[in-house]
Each structure stands twice: as structure tokens, then as C-alpha cells.
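Since the structure comes first, as C-alpha cells, the remarks are kept for the end.
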């Protein structure tokens, strides 16, 4: 696993650690570029790791062998519940025993399109396996937890950070991949590039809305109209021949143009199950305004509701976010923030 790993134990050969801390970055999911699947793989995802939003937790051993517990602040009640489920799954799957306590210190907003579930699950699994002296890859942990069914972006950013492209789920396209997390490997990462240090993103958060998740997400994929092979071919070409080269050359205009085009195509394909190109009318209004400001690229992450836009510098992003905050100062449901890309994976600290 290529992460930022600090081992503060005095002797690496000594007994199991007495504390493991894991920080996992949030991610943006730009969209799927092959929903047709006619070449033997389906989906194919494009996305990136974010700096400034993360899930952070720590795990310590306990003396009670049947006392696997998860705790944290009251406002993380749902996160604690999800983490408890992940902890039980990973300990039972690997027969680790339940003598551990996990504390949630910070959490990515849940069901906001920022990868909260996968990052939480991988953070919990990493903390518990390291606590027991095991070294599992993120792909194997994701498979045990049932994560990464359709997209490998969350796994890729957990391992490596940066801008990630995955190769989709193997199959003939007749299955939406929902069982892949239990029965097969997650989609492979086929490209990982660095996000330019000087570029910035503006995130648009809708605090009064949640993106599709769980069974509703699976039902939505089942209800999608067929994707035409020509559209999939165009999107693959756009990602391969425009977005990735532009990123390498630090050409934010071409990169943003490709991401925006992918967003529009995928958003329009999902209209019937999402209610529109974007899931939040609040975020859609902001993105429409940003389009009029001629920003370099914009869209919605995953099922939303979180929106994003690219900027070439901190100063440019700051000017735009101040204008947005002034324009929507009376809307308590919207929140804006600036962040950069993260070119490292998870941070694991062992003591």
C-alpha cells in the first residue's frame, strides 16, 4: 500500500502495536465513461483525492476479548454506526477477535458524494488489521467489506492519492457490478497522475440534501436507460486524449473542459433516476452561475449533492468563493470551501 506511513514503535519486531491512527482523504468522483460495457468491462471511473476533508480515527487494544466498540462525538452518530458494522465485518472475516476500541475523531460528510463510506470502511479495516500485526492491501479489504463494487476511485485515493482512472468491472455489461465487492476484485487502477499543487477546487455543499446510497443507489442503476456504444466511445476518448494529457501538461482549461463534458453526458444519462443533471437544485443554481463566470471546469461528485469547480490558483478560488458567499449569503443550506488535491494516500501512524 503506497501511503504515508509512520511507525513510531521503538522496535519493529516487538509485540503488536498499542495504537494505530488512520487518516483517509475524501474524494471527488467525476463520473463513469463506459456504461455500455460492450468490450467486456463496464463503468470505468475518473476521480481524485481531496486535501482538507478526511476521516480520521484511531484504534487501541482492550482487555475484554468480546468488547469491540466504536465511539466518538454525538454528531458522528451515523458514522459510528457504520464504523461498527465495518469493524464487525472485518474482524469476523479475518477471525481477528474483538478486543479493540475505535475512536472517530473526524469524518467526511456522509452521503455527500465525497466517498465517506469507502474511506471509513478502509480506515477501520486498516486500523484493526495493523493492530493485529497484519498487512492487507486496500483492494482485499474493500472486497471483504463489499466496497468498490462499481468504482475503484475510493480505493485508489486511499492507497495513492492523486487523480485516479480505473478500468471498470470485468463482465459483459449485463450486471451492474453490485455483487463485485463480495465476489471479485474491485476495478483496477489503470492511471494515477498528480494533481497540480497550485490548482484549487471550490466545493459547494448542500447541507439539506443527501445523495443516493444503499439499496436506492442499486435500484437507480437497474433503472438506467441503455448507454449507446458511441457515447461510451466518445467519453473514453475524451478522458484518454484530452483530460489526462491536459493534466500532465498542467493545462487547466482543457482538463476542466473534458471533466465538464463528462459531467454533462453522465448527468444527462442519469436524469431519470436523479431528477435532473444534478441532484440538488441549490448546487445546480451555483454551478449555472459559475458557468456564466467562465470557470475552467465544474460538476457534481458522484450522486452529489456536492458540486465542485476548478481554479488555477488560490487567489482565483478565493475571489470566486467570496462572490458566491455574498450572492448566497441568505441561504443557510449552502456551504462553500476551498481545497487542493491530495497527492498522497492514507496516513497510517503506528505506536
Of all residues in region 30-81, count the ones that are free of Cβ contacts under 8 Å to residues at least 60 places away in the same chain, surrounded by 23 or more Cβ atoms within 10 Å (Cβ to Cβ) and within 28 Å of residue 277 (Cα to Cα).
0
I'm checking my understanding of the structure. Among residues of region 121-141 that are surrounded by fewer than 24 Cβ atoms within 10 Å (Cβ to Cβ) and assigned to a helix (DSSP H, G or I), which one is nearest to the chain's Cα centre (by Cα)?
139
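Can you confirm whether residue 110 is under 19 Å from residue 307 (Cα atoms) and assigned to a loop (DSSP other than H, G, I, E, B)?
On the way: under 19 Å from residue 307 (Cα atoms): yes; assigned to a loop (DSSP other than H, G, I, E, B): yes.
Yes: the conditions hold for residue 110.
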Out of curiosity, is residue 296 surrounded by 15 or more Cβ atoms within 10 Å (Cβ to Cβ), in contact with a strand residue (DSSP E or B) (Cβ under 7 Å, 6 or more places away or on another chain) and either at pLDDT below 95 or at positive phi (or both)?
yes
Given the criteria loosely packed, with under 15 Cβ neighbours inside 10 Å and under 19 Å from the mean Cα position of the chain (by Cα), does residue 214 qualify?
yes
Which number in (1) modelled with pLDDT of 95 or more; (2) closer than 17 Å to residue 45 by Cβ; (3) surrounded by fewer than 17 Cβ atoms within 10 Å (Cβ to Cβ) marks the one condition that residue 288 misses?
(2)
When (1) within 16 Å of residue 113 (Cα to Cα); (2) assigned to a helix (DSSP H, G or I) are applied to residue 279, the one that fails is (2)
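Can you name the strands (runs of 3 or more DSSP E) wholly within region 1-98 that have at least 1 residues being modelled with pLDDT of 95 or more and within 27 Å of residue 201 (Cβ to Cβ)?
Working: elements: 4-7, 20-34, 41-61, 69-71.
Fully inside region 1-98 and qualifying: 20-34, 41-61.
Restricting to region 289-319, give me the number of residues that are free of Cβ contacts under 8 Å to residues at least 12 places away in the same chain and closer than 16 Å to residue 335 by Cα. Let's see the steps before the verdict.
Applying the first criterion (free of Cβ contacts under 8 Å to residues at least 12 places away in the same chain) to region 289-319 yields 291-292, 294, 315, 319.
Restricting the remaining residues to those that are closer than 16 Å to residue 335 by Cα gives 319.
The number of residues fulfilling the criteria is 1.
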In region 295-351, how many residues are in contact with a helix residue (DSSP H, G or I) (Cβ under 8 Å, 6 or more places away or on another chain) and part of a helix (DSSP H, G or I)?
3
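Take the conditions surrounded by 21 or more Cβ atoms within 10 Å (Cβ to Cβ) and either without any contact (Cβ under 8 Å) to a residue 12 or more places away in the chain or closer than 24 Å to residue 342 by Cβ (or both) and apply them to residue 193. Does it pass? If you could, list the steps in order and put the result at the bottom.
Details: surrounded by 21 or more Cβ atoms within 10 Å (Cβ to Cβ): no; either without any contact (Cβ under 8 Å) to a residue 12 or more places away in the chain or closer than 24 Å to residue 342 by Cβ (or both): yes.
Taking the combined requirement at face value, the residue does not satisfy it.
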Inside region 188-242, can you point out the residues that are at pLDDT below 95 and outside any helix (DSSP H, G or I)?
207, 208, 209, 210, 211, 212, 213, 224, 225, 226, 227, 228
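The values are calculated or read from the model by the stated rules, or taken from the named source; none is laboratory data. Since we're looking at a predicted model, the values are computed, not measured. Neighbour counts run over all protein chains shown; Cβ positions are idealised from the backbone, glycine included.
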